[in-house]
Each structure stands twice: as structure tokens, then as C-alpha cells.
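Asks: For reference, the structure I am asking about is given below.
The values are calculated or read from the model by the stated rules, or taken from the named source; none is laboratory data. Everything numeric in this text was worked out from a predicted model, so none of it was measured. Neighbour counts are summed over all protein chains in view; Cβ atoms, including those assigned to glycine, are modelled from backbone coordinates with ideal geometry.
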Amino acid sequence: MKQLLAHKAASDIGFTTQVERLRTQFKESPQYLSLLEELCQFPLGRFLIENKGIDGYWTDVVVNHPTRGRVKGINSEGEPLTPLEQKVLDEAPTFLATQQRYQIFRQQLQKLVPDCQRLLSVPSGLMSELLSLDYADCKGVELIAVDLDRNILNSIAENAKNYSFKGELQLIEDDAWRFEVDKQVDVITSNGLNIYVEKDEKVEALYRQYCKALKPNGHFVGSFLTPIDSWDMDKINVEALQLQKSIFVDLLGVNWQQYRTEKLTREQLERAGFVDIEFIYDEAKIFPTFVARKQALSQN
């Protein structure tokens, strides 16, 4: 049975039930009831209420907000941003780090593109971090999307048109821990999945699976969420941090709360078969990117 770790399958009945449950739970807390009602006013808020996480579509909305919604002042449905919606997308530290992480991914991936033909994203989401790259000097580029969400996979072709991508697309509906490719790839990019996984050994197994799918000397571009006590508080709006905690931790209890240190992440990657591991941090050191190379003689 398929299990989407980042979010549950959405339904109107689920949303209504969840809202009523939260209203009952926080009936003596006007602050949280007010936040709940404000979240109900915009689509991302409603998705978060029901699913306690975000899917590939909403991740794409969040990471592209600086050049879309923030510029135009409108949300994904073309409506003016509500005050809380704007605060979440423009000020919440984790969302800002996610937006910066996305640009760091694109920068690091673009450096690898000249020597690549097959690039894989898992879980793929809408795969904008790969579709938006410049492949002008590459011949026969193939992008491979691996995701359990069939709706997301069905949307990738349209997203490819939006970016005028001319290469080949391969869509694989499968689990990140057991997908198979017909031949090994040059690059794997993966964001967000490990922050939903509690057990360290399961994260390491995920990295081993990625190593297996890579060619020798292939590269893995990934990310992880650091413990709160390691964040650079000088770069964080304290009021926005408190609002983030009130919404995502206290009220909703979101699923993306699995933190890991750079030290642990390096050890996990090395045990999985990676070397030459580089860490690139966002401004507040919340959601760092890593670039790791598969050992040339690895047996994974």
C-alpha cells in the first residue's frame, strides 16, 4: 500500500472534520482559534490544516513565491494574498529557508549540467529545480521523475512546457526506497523527504538507494533540516519565528519536524557510499543543501 509521508490524500470531508476537531481542541484559546480561521481563508492554509504537510504542488508554490506571488501580490488561485498568507510565505523562517534552498539547488545543479545526460528527482514534485535549468549545451538530456503521487506526475509534462524544456521525460510512480531505473543516472536531486522520516537508519537506507541508482562519480544534491539551536537567530525575525511555531507546531502539529545535524548527515552519506561532501547553507542555517559524489569504486 502506498504511503505519502509528506501529506495525506486530501478530501473535503477530511478538511471539515479536521477544522471541527481543532475548534474543539482550542475552544478555550482565542489566539489559536483566530489563527485557525485565518488559515481557512486561503488554499495553502486549508491544505496544511487537512494534511499537516505540503505536497509537490504546494512546495512548488512556496519555492517560486519570491518571483511569482511576492511580485504580483496574489496567491496560487489569482486572489490577493491574505495578511496571514503573506506573513507565512514572506516571513516564516522555515519557508524563507526553503525558498533560499531552492535557489541553492538550482545553482549547484547548473554547475553539474554540462557533464550530465540523465538527471533524476525523487520525490519529484513538479520538478521545477531541474526543468528550470539551462540545457543549451547539452545533447540528449533526460529527466526522470520518481514520486508516489500520481496527480503530481501527471502535472510534470505541463510544467515542462512552462519552462520550454525540450528533452526527454520519464515518469516513475514508485517509492523512494525501492524505485528502479533502466540504467544508472548522472545526478539525483532529493528535497524534503528526510524531514518527515523519524528513524535515522531509514534515512541512511534512502541514501543507499540513491547511491545505487547513481553512476560511479555521479552526484547527489540533497538537503536536511537542522536543529533549532543551531539556527542563526541574528538572521531570523523573532516574531515570525513565534508565529511559525504557533501555526505549525502548536496548532497544526505538522509532520516535517525531523531535525539532523551536519555531522550526522555527513556520517549517513559516507556510510551510504558518498564522498567529497560539501554543505551550502541558507542565510539562517535552517535548511542546508549538500552535494555529494558517489565513490568511483562503490559497490552500492
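Asks: Just to confirm my filter: which helices (runs of 4 or more DSSP H) fall fully inside the stretch 44-130 and include at least 1 residues that are among the hydrophobic types (A, V, I, L, M, F, W, C), in the same structural domain as Ala145 (by TED's automatic domain parsing) and more than 14 Å from the chain's Cα centre (by Cα)?
Replies: On the way: elements: 56-64, 69-72, 83-91, 93-112.
Here the list reads 93-112.
Asks: A follow-up question, please. Which of the residues belonging to the stretch 27-45 are touching a residue at least 24 places away in the same chain (Cβ under 8 Å) and surrounded by fewer than 17 Cβ atoms within 10 Å (Cβ to Cβ)?
Replies: Result: Gln31, Gln41, Pro43.
Asks: Okay, next question. In the stretch 138-150, how many are touching a residue at least 24 places away in the same chain (Cβ under 8 Å) and either surrounded by fewer than 22 Cβ atoms within 10 Å (Cβ to Cβ) or farther than 23 Å from Ile195 by Cβ (or both)?
Replies: Taking the stretch 138-150 and keeping what is touching a residue at least 24 places away in the same chain (Cβ under 8 Å), we get 138, 140-149.
Adding the requirement that they be either surrounded by fewer than 22 Cβ atoms within 10 Å (Cβ to Cβ) or farther than 23 Å from Ile195 by Cβ (or both) leaves 138, 140-143, 148-149.
Adding up the residues that qualify gives 7.
Asks: Exactly one condition in (1) without any contact (Cβ under 8 Å) to a residue 60 or more places away in the chain; (2) part of a helix (DSSP H, G or I); (3) among the polar types (S, T, N, Q) is not met by Ser155; state its number.
Replies: (1)
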